[in-house]
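S.K.: Could you have a look at this structure, given as structure tokens, before my questions?
The values are calculated or read from the model by the stated rules, or taken from the named source; none is laboratory data. Just so we're clear, the structure is a prediction, and the values are computed from it rather than from any experiment. When we count neighbours, we look across all protein chains shown, and the Cβ atoms used for this are built from the backbone with ideal geometry, even at glycine. Only protein heavy atoms, including side chains, enter the accessible area calculation; ligands, DNA and RNA are left aside. Shrake-Rupley method; radii C 1.70, N 1.55, O 1.52, S 1.80 Å.
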Amino acid sequence: MHTFACKDIGMKCGFETSAKSKDALMKNISTHTAKTHNMTSIDSATLAKINNAIKS
Ligand SMILES: [Zn+2]
């Protein structure tokens, strides 16, 4: 199981998600960041932070 919490990348946000695969997790994260943080795409710096913050 892979888990991710938005606060781990410095967001003041209580969102947490988990998924069986990293692909599914990234999908959850990108849906959330698009809807809640108005990120239409995740830039490479943010992506690196996300990858560091994912616990598996
Ligand atoms: Zn968030």
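S.K.: Taking only protein heavy atoms and a 1.4 Å probe, what accessible area per residue, in Å², does the chain have with all protein chains in place? Don't skip to the end; give the middle numbers.
M.R.: Details: 3780 Å² over 56 residues.
Solvent-accessible surface per residue comes out at 67 Å².
S.K.: Follow-up question, since we're still on this one. Angle between the Cα long axis of helix 44-53 and the longest principal axis of the chain, 0 to 90 degrees, nearest 10?
M.R.: 40 degrees
S.K.: Spin-label point model (7 Å from Cα, Cβ direction): what's the T3 to S30 distance in nm?
M.R.: Spacing of the two 7 Å Cα→Cβ label points: 2.5 nm.
S.K.: Setting aside same-chain residues fewer than 8 positions from K22, which lysines have a Cα under 17 Å from its Cα?
M.R.: Reachable lysines: K49, K55.
S.K.: What part of the accessible area of the chain, given as a whole %, is carbon or sulfur when the probe is 1.4 angstrom?
M.R.: Values: 1900 of 3780 Å².
Ligands and nucleic acids excluded, carbon and sulfur give 50 percent.
S.K.: Still on this structure, I have one more. Run through the chain and list the trypsin sites (Lys or Arg not before Pro) located in a DSSP loop whose Cβ has at most 11 other Cβ atoms within 10 Å.
M.R.: Working: sites: K7, K12, K20, K22, K27, K35, K49, K55; in loops: K12, K20.
Qualifying residues, ordered by number: K12, K20.
S.K.: To one decimal place, what Kirkwood hydrodynamic radius in Å is obtained for the chain from all pairs of distinct Cα atoms?
M.R.: Values: mean 1/r = 0.0904 Å⁻¹.
About 11.1 Å for the chain.
S.K.: Report, to the nearest 10°, how far helix 22-37 tilts away from the longest principal axis of the Cα atoms in the chain, using its own Cα long axis and a range of 0 to 90°.
M.R.: Roughly 30 degrees between the two axes.
S.K.: Put a dot 7 Å past each Cα toward the Cβ at A48 and K20; how far apart are the dots in nm?
M.R.: If labels sit at K20 and A48, their model points lie 3.3 nm apart.
S.K.: Here is a further query. As a check on your grasp of the helix formula, calculate [θ] at 222 nm for the chain: sum -39500 (n - 2.57) over DSSP H runs of n ≥ 4, divide by the residue count, round to the nearest 500. Walk me through the numbers on the way to the answer.
M.R.: Numbers: 2 runs with 26 residues, N = 56.
Calculated mean residue ellipticity at 222 nm is -14500 deg cm²/dmol.
S.K.: Hey, another quick one. Charges at C-beta only: +1 for Lys and Arg, -1 for Asp and Glu. How large is the resulting dipole of region 2-53 about its Cα centre, in Debye rounded to 20?
M.R.: Numbers: 7 positive and 4 negative charges, 16 e Å.
Using Cβ point charges on Lys, Arg, Asp and Glu, region 2-53 gives about 80 debye.
S.K.: I've got another one for you. Which residue fluctuates the most in the chain, going by a Gaussian network model with Cα springs under 10 Å, if the choices are A34, A45, A24?
M.R.: Largest GNM mean-square fluctuation: A45.
S.K.: Straight-line reach from K7: which aspartates and glutamates have Cα under 18 Å away, leaving out those fewer than 8 places along the same chain?
M.R.: Hits, sequence-local ones excluded: E16, D43.
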